[in-house]
Amino acid sequence: MEQKVELTKSLGLFGVVFLGLAWMTPMIFFTVYGVANEAAGGMLAAAYIVAFIAIFFTAYSYSRMVKAFPIAGSAYTYTKKAINPKIGFVVGWALLLDYIVSPIIAILTFGLFMNAQFPSIPVFVWIILLNIVLAVVNIIGIKSVARVSGFSVLVQIVFIVFFLLFVIKDIIVGGNGLALLSIQPFMSSDFSLSTVFAGAALICFCFLGFDAVTTMAEETVDPKKTIPKAIFLIVIIAAILYIAISYFTRIAYPDFSFHNADTAAHELILMVGGNLLSAIFTTVLIVATFTQGVSSVTSVTRFLFALGREEILPKKVFAYIHPKFKTPVLNIVFITIISFLAIAIDLDMAVTFVSFGALTAFIFVNLSVIGHFYVKNKKRSFKETIMYLILPLFGAGFIGWLLTLLEKQTLLIGIIWVLIGIFYVSIRAKVVSKPKTSLKKGKIVLENNQGNQTGNKI
């Protein structure tokens, strides 16, 4: 009899939190600083607060759904089970765009900043190197990923605190202690609410670690308790870090401008701390982008595993677990090949693609709470109505509005991606549903896609 190979439960609360923070990477503030600052019209602190509010309601919905369905699959699984399998596929396909592009962002960021530090070595060399290393680390197993993630997150937080001390020193030297308290990061003479919300739509991407950890439910000890706690810890820690950096840098350097949006943070660091801080920044960024890449590959390969197990994607390939490493090796190889696209894509485009997939998934996770708890399970007391109707409805509406604020080109490409998915699944359904004919003990046996058999004697 063939032995079933499954994912191993080895992650506790801190392991999940560190994986989530490593996936989003606290240093993501710096890697997308230029792109996000332009999108928010310089009002990053205000944009991060708006994004946090939207994400908090969605995080709440994720925490409810992971308790109901503690299995890999994230938004795809929740929508499929709570609303409709076909809608679940569309959501899963949109989320797949987010997950596939996320490792590309990590690898591309690594290449760009390493090239800025060592101009003689081309970007593509760093991209190829990191891509191969990420594949090897992920194949070894989830425990090694968690260990690396924990170390990386601590290093990043220490650097951010160190950076903030430099910035706060500049504020105090340039004015006085009272200058630390200012409304300027949230309101200015050229303040535009629509621009702030547009920036918030883009930087929702910076909070995506809380979503990624739901794909690791089958590798987590007691996922119904552990993952909901981890989700809120991840979101709150990230919000504190992002808002603090954007708040103090806006006060200290209100007129700061940069030449290249992709590497704007490098220019900011040089201005704040000179070559010494720049060298430390590059070192920490290497560690950060490495672990972000590791966690991103981990998440997308587990998501592909869920789609393979559901036979949305070919099961023999995408649901395969290596008997020794207990990891989806074929998925890791597949994502490694795709991630070489980092050589040809720019950072701005990659971030907007991730935002489209993430925001689409967030809308339906909120709606899934309503579908599962309020509609199907009829949890409709006063308290339950607030928990399972009002809060997720507000979250879905807020996220839906942010989605419409993305650039038209991003929305168009996102819609095309979804249509490709619908076309794929319709073709696959026709192929799978065709009956197979075989000879068995003097009968013609017809097998359909459900495995049912009908037979007529020869």
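The values are calculated or read from the model by the stated rules, or taken from the named source; none is laboratory data. Keep in mind that what you see is a predicted model, and the values were worked out from it rather than measured. Here Cβ is always computed from backbone atoms with ideal geometry, including for glycine, and neighbour counts include all displayed protein chains. For the accessible areas, the whole protein counts, side chains as well, though only heavy atoms, and no ligand, DNA or RNA atoms are used. Shrake-Rupley method; radii C 1.70, N 1.55, O 1.52, S 1.80 Å.
If you bin all the Cα-Cα distances of the chain at 10 Å, starting from zero, the percentages per bin are 4, 20, 30, 25, 12, 5, 2, 1, 0, 0.
Report D for region 175-308 in µm² per second (integer): Stokes-Einstein, Kirkwood Rh on Cα pairs, 37 °C, 0.692 mPa s. It comes out at roughly 182 µm²/s.
When the Cα atoms of region 79-238 are enclosed in a convex hull and the volume is divided per residue, what value in Å³ results?
Residue-normalised Cα hull volume stands at 208 Å³.
Measuring between alpha carbons in the structure, the pairs from 67/408; 67/378; 408/430; 378/408; 80/224; 229/316 lying more than 28 angstrom apart are 67/408; 408/430; 378/408; 229/316.
Solvent exposure of the chain, expressed per residue, is 43 Å² of accessible area, with all protein chains present and a 1.4 angstrom probe. The angle separating the long axis of helix 44-68 from the principal Cα axis of greatest extent in the chain is about 30 degrees. Fraction of C-alpha pairs exceeding 12 angstrom in region 76-119: 65 percent, rounded to a whole number. Using only Cα atoms, tell me the angle between helix 13-24 and the longest principal axis of the chain; keep it within 0 to 90° and round to the nearest 10. Once rounded, the angle reads 70 degrees. Once you keep just the Cα pairs under 8 angstrom separated by 6 or more residues, what percentage relative contact order results for region 150-264? That works out to 39 percent.
Fully extending the segment from residue 121 to residue 280, taken as 0.36 nm per residue of separation minus the present Cα-Cα distance, adds 55.3 nm. Solvent-accessible area assigned to carbon and sulfur over region 196-299 amounts to 65 percent, based on a 1.4 Å probe. Note on the chain: helix-only mean residue ellipticity at 222 nm, from DSSP H runs of 4+ residues weighted -39500 (n - 2.57) and normalised by residue number, equals -23000 deg cm²/dmol. Counting 0.36 nm for each residue step from residue 165 to residue 132 and taking away their Cα separation leaves a gain of 8.3 nm. Please identify which residues in region 116-139 have an amide N closer than 20 Å to a label point set 7 Å out from the Cα of residue 38, following the Cα→Cβ vector. Residues passing the 20 Å test: 116-117, 123. Per-peptide packing, taken as the mean over residues of other Cβ atoms within 10 Å, places 409-421, 332-344 in the sequence 332-344, 409-421 from highest down.
Between the amide H of residue 11 and those of 220, 221, distances stay under 5 Å, these residues lying 5 or more places away or on another chain, with hydrogens modeled in the peptide plane.
Selection among 389, 401, 355 by position relative to the dipole of region 297-433 gives 389 as farthest towards the positive end (Cβ unit charges, Cα centre). Spin-label model, residue 259 to residue 344: label points 7 Å out along the Cα-to-beta-carbon direction sit 2.9 nm apart.
Modelled spin labels at residue 151 and residue 181, positioned 7 Å past Cα toward Cβ, are 4.3 nm from each other. Fully extending the segment from residue 430 to residue 378 would add 15.1 nm, taking 0.36 nm per residue of separation and subtracting the current Cα-Cα distance. Approximating the spin labels as points 7 Å out from Cα along Cα→Cβ, the residue 316-to-residue 236 distance works out to 4.9 nm.
Computed over region 208-273, the Cα gyration tensor eigenvalues convert (square root of 5λ each) into semi-axes of 36, 14, 8 Å, ordered from largest to smallest.
Just the number, please: percent antiparallel of the DSSP beta bridges in the chain, rounded to the nearest 5.
Percentage antiparallel, nearest 5: 90.
Averaging the sequence gap over all C-alpha pairs within less than 8 Å and six or more residues apart, then dividing by the number of residues, gives the chain a relative contact order of 31 percent. For the chain, a crude dipole built from +1 on the beta carbon of Lys and Arg and -1 on the beta carbon of Asp and Glu, taken about the Cα centre, is about 2860 debye to the nearest 20. Here the convex hull built on the C-alpha positions of region 283-421 has a volume of 181 cubic angstrom per residue. Principal-axis analysis of the Cα atoms of the chain puts helix 142-174 at an angle of about 20° to the longest axis.
Counting every alpha-carbon pair across region 286-343, the share separated by more than 17 Å comes to 40%.
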